[in-house]
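Notes follow the structure.
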Amino acid sequence: HFAVIPMGFAVETPLQPFMGRKERRRSSAGKLFLGDHCDLRASPLIAKLLAKHGEPALVLFSEEVLKINRRGEAVPRVLLVAPNALFLLDSGTMRVRRKIQIKRLAAIRMSEHNDNFLALIHPEEYDVLLVCARKIEATLAIGDAFGAVTGRRDTEKDESGSRKKDESRSENLEPPRLPVELSSNFTYAAGADLTKRVTFTRLENGEVDTTVADIVG
């Protein structure tokens, strides 16, 4: 069972800070949480892609994003969140450029300001820095999928061959939560041998200046 964001769910007005700390952009007022913003559910190509990767034909979230590569360049991508994995697709061909098993994520990092940056932390490989206009909705969709896929109870077969539940685990346990870390700056692994720091500074005019720099030494 997946706690999918309902179709047509409107953001509350007035806007409240995400997690009590993350500022919201004015453009978020009245914005609908539609999930599949790229209408990938209607695409036979995406249905074939999901089947190839062992995913059910279910798109929890999709949106056009910018991926910041290790050289600091913004590359257009389509973010697709499925029940077990998230995909970064080529915005032109829809080919998979990166696949991340959601259960392997360690955290999502964002600033406390009203910017559009978020980092997906994947300790087993390297992290991903994205610019996403619907970062809060993306975070909720990924978090719901993480709780579902990591909260599945282990089962085993009894002597008759039927599956039985692991009774050692409480039925009332809440699903694990993917940590969302908020701060005025954070680090992420842009590659196996490269760590970067993202720093957010509030300017006098109220805008937020964002810098991404290599960490040397």
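General remarks:
- Taking the criterion of being among the hydrophobic types (A, V, I, L, M, F, W, C) and loosely packed, with under 13 Cβ neighbours inside 10 Å, the only residue of the range 174-193 that qualifies is A192.
- Here S168 meets the list (1) closer than 22 Å to R71 by Cα; (2) among the hydroxyl-bearing types (S, T, Y); (3) modelled with pLDDT under 90 almost entirely, failing just condition (1).
- Scanning the range 89-105 for residues that are part of a loop (DSSP other than H, G, I, E, B) and without any contact (Cβ under 8 Å) to a residue 40 or more places away in the chain, we see that the one that is most open to solvent (accessible area, probe 1.4 Å) is R95.
- Taking the range 33-50 as the range and being assigned to a helix (DSSP H, G or I) and either open to solvent by less than 70 Å² (accessible area, probe 1.4 Å) or at pLDDT below 95 (or both) as the test, the residues that pass are L40, R41, A42, I46, A47, L49, L50.
- Of the criteria (1) touching a residue at least 60 places away in the same chain (Cβ under 8 Å); (2) surrounded by fewer than 19 Cβ atoms within 10 Å (Cβ to Cβ), which one V81 fails: (2)
- Restricting attention to the range 116-127 and to residues that are closer than 16 Å to T210 by Cβ and in a strand (DSSP E or B), the residue that is most open to solvent (accessible area, probe 1.4 Å) turns out to be F117.
- Here L86 fulfils each of the conditions (1) in contact with a helix residue (DSSP H, G or I) (Cβ under 7 Å, 6 or more places away or on another chain); (2) without any contact (Cβ under 8 Å) to a residue 60 or more places away in the chain; (3) farther than 15 Å from A189 by Cβ; (4) not in a strand (DSSP E or B) apart from (4).
The values are calculated or read from the model by the stated rules, or taken from the named source; none is laboratory data. Predicted model only: the values in this text are computed from it and were never measured. Here Cβ is always computed from backbone atoms with ideal geometry, including for glycine, and neighbour counts include all displayed protein chains. Side chains included, ligands, DNA and RNA excluded: accessible areas come from the protein's heavy atoms. Shrake-Rupley method; radii C 1.70, N 1.55, O 1.52, S 1.80 Å.
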